[in-house]
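Working notes, beginning with the structure itself.
Taken together, the values in this text are just the output of simple stated rules run on the coordinates, not laboratory data. Nothing here was measured: the structure is a model prediction, and the numbers come from that model. In this analysis, Cβ positions are derived from the backbone assuming ideal geometry, glycine residues included, and neighbour counts consider all displayed protein chains.
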Amino acid sequence: YNHFPGTIKWKKNKITYRILNYTPDLSSTDVDTAIRKAFKIWSDITPLKFRRILNGEADIMISFGAREHGDNYPFDGADGILAHAFPPAAGIGGDTHFDEDETWTMGSNGYNLFLVAAHEFGHALGLAHSRDPGALMFPSYTFIKTKYFRLSQDDVNGIQALYGRSKSI
Amino acid sequence: SAVPRLSEIEKNEEDWQLAEAYLNRFYKLEDGSAGFASKIRNYVSKSSLSNKIKKMQEFFGLEITGNLDSATMGIMEKPRCGVPDVAE
């Protein structure tokens, strides 16, 4: 695993998130579910708690956008770059953007929103890309059935090096 | 028969342009290496680009050649996250 230079992390364990808009590819319920599950994989193994807010500035602001979408890191149309997220910090830090030009799905007929969101939230929490091809934090997209999804030991070691273990484990 | 066909030259040019954009975005290609497609024709800055390719090949566990071989191009063409592999 890798961390960002300076080992950037949130200085608190209670993190808020807000979903600013939705993709037309999925129902809002499906998007909410994918996002909630993606956070859960990280909160299950750390002391982190994620709370959704509906108004105001959250630590992690989540949105779908295409091409240039306001952060000077434009998306590139279908395929190629799927999403990106900023490391922990005030303001844009932690914010997570999904490329609306992709086809988002809950299954395999497009890009699985849960898998991509889980990867991006790793960045939003302070993990950089891993060289381990079996890690969630590996840069390339690979579909696996979400039913069988579990974090690799590399991912677990990376996030627990930042925040420690869950007290409930 | 030793002269490459136009389609091969164009394909090669496309590959280098893709590589330039990819390395620029994910491996912090220095400004001095910008405009690679034209520089490669002049055989300038080749080692700098090659070093970036090696860095990328090392990250992905590929054979480190510094060349745009098929395995390297295969990785560059895969869908991926937009966060750089070499963190800023």
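Points to keep in mind about this one:
- Summarising the strand pairing of chain A, around 30 percent of its internal DSSP beta bridges are antiparallel.
- Bridging of residue B:54 to aspartates and glutamates at a Cα separation below 19 Å is possible for A:132, B:15, B:20, B:30, B:31, B:63, B:69, B:77, B:85, B:88, once same-chain residues fewer than 8 apart are set aside.
- Hydrodynamic radius (Kirkwood) for the protein assembly as shown, which is based on Cα pairs only, to one decimal in Å: 19.4 Å
- Sequence-distant lysines (8 or more away, or on other chains) whose Cα lies within less than 21 Å of residue A:147: A:37, A:40
- Across all directions, the average flat footprint of the convex hull enclosing the Cα atoms of segment A:114-154 is 2.7 nm².
- For peptide A:68-80, the mean count of partner chain Cβ atoms within 10 Å of a residue's Cβ comes to 2.
- Each Lys and Arg contributes +1 and each Asp and Glu -1, all at the Cβ; summed about the Cα centre of segment A:60-142, the dipole is approximately 280 debye.
- Alpha-carbon centroids, segment A:29-101 and segment A:133-169: separation in whole Å: 17 Å
- Over segment A:17-169, the fraction of Cα-Cα pairs per 5 Å bin, rounded to whole percents and listed from the shortest bin up, is 2, 9, 19, 24, 23, 15, 7, 1, 0.
- Projecting the Cα positions of B:22, A:103, A:146 onto the charge dipole of the protein assembly as shown (unit charges on Cβ atoms of Lys, Arg, Asp and Glu, taken about the Cα centre) puts A:146 furthest along the positive direction.
- For residue A:16, distant residues with modelled amide H under 5 Å away: A:51, A:59, A:60
- Computing FRET efficiency as 1/(1 + (r/R0)^6) for residue A:140 and residue A:67, where r is the C-beta to C-beta distance and R0 is 30 Å, gives about 0.85.
- Sum of side-chain charges, residue A:85 neighbourhood, beta-carbon under 10 Å (Lys, Arg +1; Asp, Glu -1): -2
- Entry note: segment A:76-163 has Rg to Rh equal to 0.96, where both radii use alpha-carbon atoms and Rh is the Kirkwood radius.
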